[in-house]
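Below is one structure, written out as structure tokens; the observations come after it.
The values are calculated or read from the model by the stated rules, or taken from the named source; none is laboratory data. In this text the structure is predicted, and so the values were computed from the model without any measurement. With ideal geometry, Cβ positions are generated from the backbone for all residues, glycine too; neighbour counts draw on all protein chains shown. Note: accessible area is taken over every heavy atom of the protein model, side chains too, but ligands, DNA and RNA are not part of it. Shrake-Rupley method; radii C 1.70, N 1.55, O 1.52, S 1.80 Å.
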Amino acid sequence: MTYVETRTSVWEALAGRAPGVPSGPADTGLWHTVAERLNPSSARPVLRPGIEVRHRTAVRGGRYVMLRSPDDGGRSSYLRLTPEEYQLALMMDGVSTVARLVAEFARIAGRLAPDQVRRVVADLAANRMLEELPLDAFRPLREMTREPLPKRVGSSLLAAAGGRQVLSFEVDGLITGLYRSVGRFLFTRAAVWIGGLFALAGVVLFAATWQRGSRSLFLVGDSYLFGAITLVLLNVLALAAHELGHALAAKRVGREVPSAGLLLYFGIPSVFVDTSDVWMAGRRARIAVTAAGPATALGLAGLVQLIGLAVPATGGIAFKLAFLFYLHVFFNLSPLLPLDGQYLLMDWLEIPDVRARALSWLSGRLRRRGPRWSKLDREGRLVALYGVLAMLWLVAALGLGHRLWTDRVEGLAVGLWYSGFLGRLLLLVMVLGILAPPLYFLLGRLGKAWRRARQRAAERDRDADLPRRLAALQASELGGLPEAALQGLASRARWLHPPTGRQLVLAGDHQPAVYVVVEGALHGRRPGDPGGTIRHHVGPGGVVGLANALTGRSSQLDWHTAGTTLLALPASTVATVVGPMPGPPPQERAEAEALFADTPALSGLEEDQRLALAPGSPLNWAYPCTRSPAPSTVSSRNAGCYPA
């Protein structure tokens with residue numbers, strides 16, 4: 001089964017080329033509010049009519065379903081589900097409770113997955129796809145908790161600096177008219193060949209002009225000030241042409257372009273176009289729309305240089321504009337940045353969290369940690385190649401920056417410095433503009449590191465942190481254990497904050513710890529699974545490795561982190577506290593194992609789930625049916641109490 005975690009993969013990709021548009025629901029805290037307040041015994045979700053549905057096939061044969069929220073005057077929301085999850089959504093008729101949906105999903109998918117059912121309901125609600133919102137669980141979070149005024153002001157200033165304050169316009173009608181009148185001819189075979197020839201000729205002309213040094217990048221006449229203003233205006237034009245290529249390609253595949261607009265990114269005007277609707281058109285359409293931006297820039301770079309060659313008076317402007325086109329193409333095709341290059345690779349590979357996993361593997365290998373190349377399966381090697389490609393791009397970027405400095409910028413800096421006060425002021429503004437993005441990134445990382453250091457310092461105070469660890473265990477699937485056992489586990493537990501994409505457990509190796517997910521998720525897959533497959537998604541409250549600790553067996557899955565905060569419990573401590581594995585005699589246990597293997601609906605269960613079905617198993621303490629969940633909340637430890 002191919003299962004993609006919607007909140008970490010698809011929503012991130014849906015941000016696309018629309019900086020400033022939330023990558024998840026409009027209210028960022030809404031999903032968590034929904035998930036925490038759903039009551040399985042009384043919540044009866046109803047699927048809204050008018051949802052657009054598209055059944056798609058992944059590149060390696062897996063199937064998925066894309067949903068688009070009904071058009072109610074607001075911005076459309078999108079959700080990616082597995083076929084089983086879509087069948088579950090169709091059962092949301094206002095009659096079935098969430099508890100009943102858990103049982104129905106077990107019948108459909110052949111496994112108990114209350115956390116996944118709860119996530120699907122919450123995702124549908126947060127994306128405006130449910131008709132009725134149960135138990136007032138979906139009130140905007142800002143009505144429940146309001147941030148202090150200084151924090152709100154500071155967040156707004158940081159958002160403005162990072163380019164997330166957007167002035168947007170509805171442009172679908174304009175883009176549709178432009179495509180029907182002119183744009184559709186740009187996608188004919190003849191136009192594509194002509195554009196390719198323009199792009200090739202442009203690269204040759206630009207390289208020759210750069211080598212001769214006959215054109216200036218930063219001067220207009222003899223003025224650096226007019227040169228800087230000209231570059232800023234041409235930069236907006238280059239960005240607009242790039243984004244227009246995306247928009248026309250979206251129309252080519254029959255999708256909407258709901259909005260476009262302007263934003264200030266560190267004081268520099270920029271342009272964006274929202275093409276997230278292309279997710280409804282399938283993988284090939286997404287690749288075509290993503291590639292259309294850089295292809296448009298390359299073709300226009302060649303065209304303007306040919307115009308400059310034919311009309312010498314425009315040669316200086318043509319050289320500047322071509323330089324900006326090439327610069328944007330280089331950075332947009334970067335696998336390190338959340339731009340066109342990353343989305344092209346994401347659509348080609350169809351692997352969740354591929355960028356985070358690649359960088360995590362690469363950083364681990366540089367420190368001689370993590371799995372080696374020889375231990376990786378096909379998907380793991382694709383991820384590793386992504387990391388190597390990102391490193392090669394970084395080396396190329398450093399080389400390009402050095403060449404640009406020695407050929408052009410060094411002379412510009414000297415010229416401005418000796419041109420008087422205004423020249424020095426302009427030089428200062430340019431330096432600040434260049435250094436602002438890396439400084440913003442660096443200060444953000446330092447702030448995050450400072451907060452993490454303070455948190456870890458608090459966690460190292462074992463006695464003071466014990467109530468927090470104990471509360472995390474009580475809220476997990478281990479919450480049904482006796483209080484003394486939980487106290488023993490909490491005393492030995494330690495916090496882990498691995499980066500997204502880190503491979504925490506390697507299949508076939510001994511797992512030294514049992515992991516309790518406190519925040520985020522763990523994704524499990526078997527080596528050799530088709531690319532993009534996630535067999536198990538373990539969310540907050542879930543436990544990974546309990547069966548391995550009790551039975552002494554090695555892990556059958558590779559486990560990867562996804563924005564995860566974990567409690568690590570030593571496997572030996574878990575085995576000691578929980579005690580030996582009770583249950584049926586070995587002969588009966590072997591018969592049960594054979595029964596699991598021969599039953600199609602149960603053959604896909606993992607070790608933890610099989611043990612949870614065994615009478616007398618300690619894992620049944622994770623599902624205590626003698627207690628009822630609180631009226632307004634439900635946690636995953638109550639999952640086994642859902643009536644069928």
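Tabulated values for the structure
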| item | result |
| --- | --- |
| Residues whose placed amide H lies under 5 Å from that of Ser76, excluding near-sequence neighbours | none |
| Theoretical gain in end-to-end length, Val311 to Phe441 [0.36 nm per residue, Cα-Cα removed] | 42.5 nm |
| Candidate residues Val304, Val577, Val516: accessible-area rank, largest first, probe 1.4 Å | Val577, Val304, Val516 |
| FRET efficiency for Leu366 and Asp509, using Cβ-Cβ distance with R0 set to 22 Å, rounded to 0.05 | 0.55 |
| Exposure of Ile229 as accessible area (Å², to 10), given a probe of 1.4 Å and all protein chains | 80 |
| The range 456-514 - accessible surface per residue (Å², probe 1.4 Å) | 48 |
| Accessible-area order (highest first, 1.4 angstrom probe) of the listed residues Lys320, Lys448, Lys375 | Lys375, Lys448, Lys320 |
| Label-point separation in nm, Leu394 to Arg184, each point 7 Å along Cα→Cβ | 4.7 |
| Mean separation of Cα contacts under 8 Å (6+ apart) over length of the range 411-499, as relative contact order % | 15 |
| Heavy atoms of Ile268 accessible to a 1.4 Å probe, total area in Å² rounded to 10 | 70 |
| Interchain or long-range residues, amide H under 5 Å from Leu504's placed H | Trp559, His560, Thr561 |
| The range 291-448 - percent of accessible surface contributed by carbon and sulfur, probe 1.4 Å | 74 |
| Solvent-accessible area per residue for the range 181-267 (1.4 angstrom probe, square angstrom) | 55 |
| Sequence-separation-based contact order of the range 79-126, relative, with Cα cut under 8 Å and 6+ spacing, percent | 38 |
| Probe 1.4 Å - accessible area at His402, Å² to nearest ten | 120 |
| Relative counts (whole %) of C-alpha pair distances in the range 457-516, using bins that are 5 Å wide | 3, 16, 23, 20, 19, 13, 4, 0 |
| Accessible surface ranking that places the most exposed of Phe441, Phe421 first, with a 1.4 angstrom probe | Phe421, Phe441 |
| Solvent-accessible heavy-atom area per residue, rounded to whole Å², over the range 314-432 at 1.4 Å | 53 |
